[in-house]
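Some notes on the structure that comes next.
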Amino acid sequence: MAKILLKNVRLAFSSIFEAKTVNGEGEPAFSASFLLPPDHPQIKELEALQEQVIKDKWTTKAAQIKKEMVTKDRLAIHDGDAKADYDGFPGNLFISARNKSRPSVFDRDKTPLTQADGKPYSGCYVNVSIELWAQDNSYGKRVNASLRGVQFYRDGDAFAGGGAASEDEFEAEDGADDGPLA
């Protein structure tokens with residue numbers, strides 16, 4: 001297993017506050033996808049970490065097993081063009097991470113956040129702590145990512161479902177009831 005803190009990545013398909021099942025199957029888990037442009041400064045580090053996980057698990061058979069995983073798209077890093085129907089994915093890479101335990105969720109100043117805070121949301125930018133690990137069981141061989149924690153980094157255009165309204169969308173009210181609008 002190998003931990004990494006990815007900085008300034010875009011959050012998608014966020015279920016970080018409430019555990020959900022995939023298509024109503026399996027055990028509920030907390031999960032999200034994280035989008036990285038191909039020129040993200042941590043891509044090489046992430047690829048090297050993934051390579052190390054493969055070598056540590058499969059030692060002498062690592063190259064052969066990696067080739068098979070690449071063919072079957074069973075590595076942690078995926079091509080976003082494979083999900084071209086979804087906002088933000090085309091032209092990017094992505095990692096999907098999940099965990100049965102709720103991840104830590106923080107604001108920029110490290111204050112804990114809850115769902116009621118309205119952030120992080122799908123479309124914003126976050127720093128994320130993940131752990132890559134090798135799977136080798138009846139479901140096959142692959143490199144997966146466990147979701148450890150998410151820190152809100154900055155706002156971004158919300159993906160489908162929208163985000164919370166900001167205070168500057170409203171006008172200050174004096175409290176007088178003018179009756180119904182005409």
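For every residue, the table says whether it meets (1) under 19 Å from G140 (Cβ atoms); (2) in contact (Cβ under 8 Å) with a residue 12 or more places away in the chain.
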residue: D39; (1), (2): no, no
residue: E47; (1), (2): no, yes
residue: V70; (1), (2): yes, no
residue: A84; (1), (2): no, no
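Of everything listed in (1) surrounded by 16 or more Cβ atoms within 10 Å (Cβ to Cβ); (2) within 22 Å of S129 (Cα to Cα); (3) of a type in the set (A, V, I, L, M, F, W, C), the single unmet condition for I65 is (2). Annotation note: Cβ proximity below 8 Å between a residue of the range 131-159 that is free of Cβ contacts under 8 Å to residues at least 24 places away in the same chain and a residue that is among the basic types (K, R) (sequence gap 6+ or interchain) occurs for Q135/K141; Q135/R142. Criterion first (closer than 17 Å to L46 by Cβ and out of contact with any Lys or Arg (no Cβ under 7 Å at 6 or more places or on another chain)) does D85 satisfy it? When the stated conditions are applied, D85 does not pass them.
If the condition is being in contact with a helix residue (DSSP H, G or I) (Cβ under 8 Å, 6 or more places away or on another chain) and either farther than 17 Å from L93 by Cβ or among the small types (G, A, S) (or both), then the range 36-56 contributes I54, K55. For residues in the range 67-85 being assigned to a helix (DSSP H, G or I) and closer than 22 Å to L35 by Cα, which is nearest to the chain's Cα centre (by Cα)? Checked the range 67-85; the qualifying residue nearest to the chain's Cα centre (by Cα) is G80. Would you check if there is a residue in the range 98-106 being free of Cβ contacts under 8 Å to residues at least 12 places away in the same chain and not in a strand (DSSP E or B)? Scanning the range 98-106 turns up no residue that is free of Cβ contacts under 8 Å to residues at least 12 places away in the same chain and not in a strand (DSSP E or B).
With the structure loaded, tell me whether Y121 is farther than 25 Å from G26 by Cα, of a type in the set (S, T, Y) and either under 17 Å from the mean Cα position of the chain (by Cα) or at pLDDT 95 or above (or both) or whether it fails that test. So Y121 fails the test. The lone criterion from (1) touching a Gly at 6+ places or on another chain (Cβ under 6 Å); (2) touching a residue at least 60 places away in the same chain (Cβ under 8 Å); (3) not in a loop (DSSP other than H, G, I, E, B) left unmet by D56 is number (1). Exactly one residue among P120, P90 is assigned to a loop (DSSP other than H, G, I, E, B) and without any contact (Cβ under 8 Å) to a residue 40 or more places away in the chain, and that residue is P90. Being farther than 20 Å from Q50 by Cα and modelled with pLDDT under 95 is the filter here, so list the residues in the range 127-154 that pass it. Correct list: S138 only. Scoring I16 on the criteria (1) modelled with pLDDT under 95; (2) in contact with a Phe, Trp or Tyr (Cβ under 6 Å, 6 or more places away or on another chain) leaves a single failure, condition (1).
A single member of R108, R98, R148 is surrounded by fewer than 14 Cβ atoms within 10 Å (Cβ to Cβ), on the phi < 0 side of the Ramachandran plot and of a type in the set (K, R), and it is R108.
The values are calculated or read from the model by the stated rules, or taken from the named source; none is laboratory data. Everything numeric in this text was worked out from a predicted model, so none of it was measured. Positions of Cβ are generated from backbone atoms using ideal geometry, with glycine treated the same way; all protein chains shown enter the neighbour counts.
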